[in-house]
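Trainee: Would you mind keeping the following structure in view while I ask a few things?
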């Protein structure tokens, strides 16, 4: 998500409701599918991409509750690993999941980059644990209760007793004289100080009980099979809607159909919808070279299980080696998606479907702002001829997991280890919590960790830049910088090996009235490569003695010293021509052979040879179709300063 990491981002309607009679979560329905009774809205933090808690999630709840509030607190909060618990991923500095039972958020689990996972109980959750809690407890006097119920912090004079193991900054629960939870918050003193001091704030209250609030006991505990039964009619409607979408898009576009399969839960649910619609498409998987081994195995297993043709395209580029050229990818500098995935995708689909194709993709609006805004059908500028479509665009993760369970479909085993999303294991969009999990369980991550440490040393960052995942941001968020002041600042700097700067000047020439645009790079150019790529603009001729390449009748001139000159009838035409020439020079100098541009050529004049795109000058018709998104044009540090004169 872009913007403030703590901001509430609404990507769609919040779809979680609860049947209090059956004590079951209900998806987007006013009536329970089991008892027919009314349901209540559950108050969630947007965007509301809810999902079932897995066994590993509940085990984490148990561990954190026991560590913070004493043995037995975890099972008092959540009875067992099979309990019906819903998680909601909320915006946070890194990762935060709201824990939902009994139609309410009973706690949140938050990952702190400095100290790891913490449990932050709500009032309902604290009330469950209060009877067994032996740590993290502050008891207040009866006359202090009205003040706390009014939202005040806990002051030392009102404290009757406190756990001696409480440290400043710990999560604590505040109980009244009956042992019932009245507030939860953060300790501002040691437990011993709370009892001994006669002034000062002991607990900064985060949530408090309001006068008259009911504290219901846990109700009848259902199972996930009960949840499926209560939501079956709703799920079947969503599935049928998805099937109709698949058939409609396939018919309207009139193109061959394929399914993009990543090995994650969403693409698996998508595949099932397409199969249930009656189609039997080939499955396309791109092995980026940074996939988890279990993911690759899972992809093959799914294809075998459903007797599907599996098209595998492997990247020609080593991710770590390219990172030494581009620098580590970040959330706002994701060159890796283009070189490791979209280039191979474009190559695979162009080879198999040269006339275009419909690719069904497991995209959901609740995943991110860009995916929410793209709609259910789109065209990918990086993959020419591809129409992307998602029949599960309106689904939450809860829909996906219930569907897979309804169809008894096995998912990627990494979910059982606690991974929240499946993808490239080095992905900068991952939470640090997930990256730490991968590092713990996958030995191959060590190579990436070593590269990051070497990059940090070369650029002058300290070890916290790696440890806190600051490499995932070009512009490190203020909240993360405050955790480790100075860690994001490079003391020496690291100059990219292909740094190109470009200055542009566009103005009218007084002699003939034509417009001339000039620009210059900060280094000498490889004239053979430049001549080859400038062929895309028109016929070229090289003058070895003058050290220059001329396009056409002098519309563009490139010189060995890095100078570019363009001539045209208007300032705009001339500036656009010079910009296209600039892009071609950048591609000539920096091309890594991702192949994204190759499928755009209508005559087959482009080909990837030895990790470089080559241009066949005999078949190039100078149409310019190959212009478009390019990894080395769009992502490397190339600065353009324009002086309009």
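The values are calculated or read from the model by the stated rules, or taken from the named source; none is laboratory data. On a predicted model such as this, the values are computed, not experimentally measured, just so you know. Positions of Cβ are generated from backbone atoms using ideal geometry, with glycine treated the same way; all protein chains shown enter the neighbour counts.
Trainee: How many residues are under 25 Å from residue 614 (Cβ atoms) and either over 42 Å from the mean Cα position of the chain (by Cα) or not assigned by TED's automatic domain parsing to the domain that holds residue 605 (or both) when one looks only at segment 534-545?
Mentor: Residues meeting the conditions: 6.
Trainee: Of the conditions (1) under 22 Å from residue 404 (Cα atoms); (2) surrounded by fewer than 21 Cβ atoms within 10 Å (Cβ to Cβ), residue 324 satisfies every one except a single condition; which number is it?
Mentor: (1)
Trainee: What's the number of the condition residue 577 fails, among (1) under 25 Å from residue 322 (Cβ atoms); (2) outside any loop (DSSP other than H, G, I, E, B)?
Mentor: (1)
Trainee: Shifting gears a bit: Mind checking which helices (runs of 4 or more DSSP H) fall wholly inside segment 100-212 and carry at least 1 residues that are closer than 25 Å to residue 44 by Cα, in contact with a strand residue (DSSP E or B) (Cβ under 6 Å, 6 or more places away or on another chain) and not assigned by TED's automatic domain parsing to the domain that holds residue 76?
Mentor: In segment 100-212, the matching helices (runs of 4 or more DSSP H) lie at 145-149.
Trainee: Based on this model, can you work out whether residue 291 counts as within 21 Å of the chain's Cα centre (by Cα), closer than 25 Å to residue 409 by Cβ and modelled with pLDDT of 95 or more?
Mentor: yes
Trainee: Do we find that residue 156 is surrounded by fewer than 15 Cβ atoms within 10 Å (Cβ to Cβ), touching a helix residue (DSSP H, G or I) at 6+ places or on another chain (Cβ under 7 Å) and more than 30 Å from residue 401 (Cα to Cα) in this structure?
Mentor: no
Trainee: Could you list all residues from segment 245-265 that are touching a residue at least 60 places away in the same chain (Cβ under 8 Å) and out of contact with any helix residue (DSSP H, G or I) (no Cβ under 6 Å at 6 or more places or on another chain)?
Mentor: Passing the criteria: 245, 249, 250, 253, 255, 256, 258, 260, 262, 264.
Trainee: Please determine, by comparing only the residues of segment 556-573 that are within 44 Å of the chain's Cα centre (by Cα) and in a loop (DSSP other than H, G, I, E, B), which one is surrounded by the most Cβ atoms within 10 Å (Cβ to Cβ).
Mentor: Among them, the one singled out is 562.
Trainee: What's the number of the only condition in (1) surrounded by fewer than 20 Cβ atoms within 10 Å (Cβ to Cβ); (2) part of a loop (DSSP other than H, G, I, E, B) that residue 22 fails to meet?
Mentor: In the conditions (1) surrounded by fewer than 20 Cβ atoms within 10 Å (Cβ to Cβ); (2) part of a loop (DSSP other than H, G, I, E, B), residue 22 misses (1) alone.
Trainee: Looking only at segment 541-555, filter to residues that are over 15 Å from residue 624 (Cα atoms) and in contact with a helix residue (DSSP H, G or I) (Cβ under 6 Å, 6 or more places away or on another chain); which one of those is surrounded by the fewest Cβ atoms within 10 Å (Cβ to Cβ)?
Mentor: That would be 542.
Trainee: I've got another one for you. Could you please find all residues in segment 61-76 being within 16 Å of residue 171 (Cα to Cα) and either outside the structural domain of residue 125 (by TED's automatic domain parsing) or surrounded by 19 or more Cβ atoms within 10 Å (Cβ to Cβ) (or both)?
Mentor: Across segment 61-76, the qualifying residues are 61, 62, 64, 65, 66, 68, 69, 70, 73, 74.
Trainee: In segment 605-620, what residues are within 16 Å of residue 541 (Cα to Cα) and not in a strand (DSSP E or B)?
Mentor: Residues satisfying the conditions are 616, 617, 618, 620.
Trainee: Can you find even one residue in segment 297-307 that is in contact with a helix residue (DSSP H, G or I) (Cβ under 8 Å, 6 or more places away or on another chain), within 21 Å of residue 413 (Cα to Cα), free of Cβ contacts under 8 Å to residues at least 40 places away in the same chain and surrounded by fewer than 18 Cβ atoms within 10 Å (Cβ to Cβ)?
Mentor: yes
Trainee: Sticking with this one: Give just the number: which of (1) over 20 Å from residue 294 (Cβ atoms); (2) assigned to a helix (DSSP H, G or I); (3) at pLDDT 95 or above does residue 370 not satisfy?
Mentor: (3)
Trainee: Since residue 338 meets every condition but one in (1) at pLDDT 95 or above; (2) closer than 24 Å to residue 351 by Cα; (3) part of a helix (DSSP H, G or I), which condition does it not meet?
Mentor: (1)
Trainee: Spot the failing condition for residue 337; the list is (1) more than 27 Å from residue 13 (Cβ to Cβ); (2) in contact (Cβ under 8 Å) with a residue 12 or more places away in the chain; (3) buried (at least 16 other Cβ atoms within 10 Å of the Cβ), and only one is missed.
Mentor: Here residue 337 clears every test but (2).
Trainee: Residue 74 versus (1) at pLDDT 95 or above; (2) part of a loop (DSSP other than H, G, I, E, B): which is the lone unmet condition?
Mentor: With (1) at pLDDT 95 or above; (2) part of a loop (DSSP other than H, G, I, E, B) applied to residue 74, the lone miss is (2).
Trainee: Then there is this: For a quick check of your reading of the model, give me the residue pairs whose first member lies in segment 457-474 and is at pLDDT 90 or above, whose second is in a helix (DSSP H, G or I) and surrounded by fewer than 16 Cβ atoms within 10 Å (Cβ to Cβ), with beta-carbon atoms closer than 6 Å and at least 6 apart or on different chains.
Mentor: Close Cβ pairs (under 6 Å, with a partner that is in a helix (DSSP H, G or I) and surrounded by fewer than 16 Cβ atoms within 10 Å (Cβ to Cβ)) amount to 466/453.
Trainee: Does residue 545 satisfy the criteria of being free of Cβ contacts under 8 Å to residues at least 12 places away in the same chain and either assigned to a strand (DSSP E or B) or out of contact with any strand residue (DSSP E or B) (no Cβ under 7 Å at 6 or more places or on another chain) (or both)?
Mentor: So residue 545 passes the test.
Trainee: Further question: Go through (1) crowded, with 17+ Cβ neighbours inside 10 Å; (2) at pLDDT 95 or above; (3) within 20 Å of residue 436 (Cα to Cα) one by one and return the number of the condition residue 93 breaks.
Mentor: (2)
Trainee: From the list 423, 343, 388, 362, exactly one residue is out of contact with any helix residue (DSSP H, G or I) (no Cβ under 7 Å at 6 or more places or on another chain), within 23 Å of residue 52 (Cβ to Cβ) and either assigned by TED's automatic domain parsing to the domain that holds residue 26 or crowded, with 18+ Cβ neighbours inside 10 Å (or both). Which is it?
Mentor: 423
Trainee: Residues that are within 18 Å of the chain's Cα centre (by Cα): which helices (runs of 4 or more DSSP H) entirely in segment 409-497 hold 3 or more of them?
Mentor: Per the criteria, 432-441.
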